[in-house]
Amino acid sequence: MGVGRPVGLAVDAVRGRYESRAATAGTRLKLARRIASKYADDYQAIYLDAGFERLARDGGQATEFDFSDGGKPSADSASYLDLIAANSYKAMAAYLSTLISADAPIDAYAAGDKAALTVAQKRGLALFLGRAGCIECHSGQNFTDNQFHSVAIPQRGEHVPLTDQGRYTGLTEQRAGNQSVFNRCGPFRGGRPCTPLAAPVESDRGQFRTKSLRNVAMSAPYMHAGQLPTLDAVVRFYNAGGETHGFAGTRSPQIVPLGLTDDEVHDLVAFLNALTGALVDPRRACDPSPHDSDAHRYLPCPDGGL
């Protein structure tokens, strides 16, 4: 569930790799320089010999990593950038795992407080578990089966690409494509045994992983490229059984017209609002070291952060 952004791919001439500007707004070189200029001490404390001096420009002269003149850095230079990227991605994953929001009204209701949900939310819960069929994919504590489905959502929006093959492209890239260095069997897996990813098959086209519904009322716009602006629009999209064209692959069998009335749509939206939990500790939602020209963009940390 994110805003559709330009997919503009930036070429990493080190190995002919590509980076998605929709995800990182740049290349691994740009990421490495950002870490070196902004988080060098923190990075060094965790990963020890960072070697950031390799990234510094000397009197304005290009470094081994600057290839705008057509030159290509060595394989060693490329591996260095990959290492910084892998370490940074692991750090981000560890950080994201701390952003836990619980104590939503649905949690209190499940614990026995029958007054935690409004009458409309209770009706919405009955629809969620029953005729609307939401539970088929949005199950478990986090309201997701963590599986992949094609929900028949067209590619549309100002910056949305005309086609998106979803999981099919993801598996291709992670197995033997531009991002394969970071897959579960890659050099940065930490020595753990691995099982190679399965090859993509035709049924993977257009499939996207089911997102958690926790705090869903706070995460507009919705769907994989931000195609739908509100929860009401999302429920009405599913109520119609998706759309007939403009999406890759074949719609999942769970996506069928639901026949909900307007009142039932409103009840289901009301229930989805009951999945909003307590706000994350603000000390985890800020930047403790915004020492750069973009400092005004960052939320200051109370008490210096965590």
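Structure summary
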item	result
Rough spin-label spacing in nm, given labels placed 7 Å along Cα→Cβ, for LYS30 and GLU158	1.9 nm
Two-site FRET efficiency, SER139 against MET218, from Cβ-Cβ distance with R₀ of 25 Å, rounded to 0.05	0.75
Per residue, in Å², the accessible surface of region 104-243 once ligands and nucleic acids are set aside, probe 1.4 Å	53 Å²
Rounded percent of accessible protein surface that carbon and sulfur make up, region 81-234, 1.4 Å probe	57 percent
Local electrostatic count, LEU171, Cβ distance below 11 Å [Lys/Arg +1, Asp/Glu -1]	+1
Neighbour net charge for ALA248 - beta-carbon separation under 14 angstrom, K R +1, D E -1	0
Efficiency of FRET from Cβ geometry, SER203 and TYR47, R₀ 41 Å, rounded to 0.05	0.55
Extension gain, ARG283 back to ARG192 (0.36 nm per residue minus Cα-Cα distance, nm)	29.5 nm
Surrounding net charge for ASP103, when Lys and Arg each add one and Asp and Glu each subtract one, Cβ distance under 12 Å	-1
Where labels lie 7 Å past Cα in the beta-carbon direction, separation of ALA176 and THR63 in nm	3.4 nm
At R0 = 22 Å, FRET efficiency that the Cβ-Cβ distance of ALA75 and TYR95 yields, to 0.05	0.15
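The values are calculated or read from the model by the stated rules, or taken from the named source; none is laboratory data. Computed from a predicted structure; not experimentally measured. Cβ sites come from the backbone with ideal geometry, for glycine too, and all protein chains shown count toward neighbours. These area figures cover heavy atoms from the full protein model, side chains too; ligands, DNA and RNA do not enter into them. Shrake-Rupley method; radii C 1.70, N 1.55, O 1.52, S 1.80 Å.
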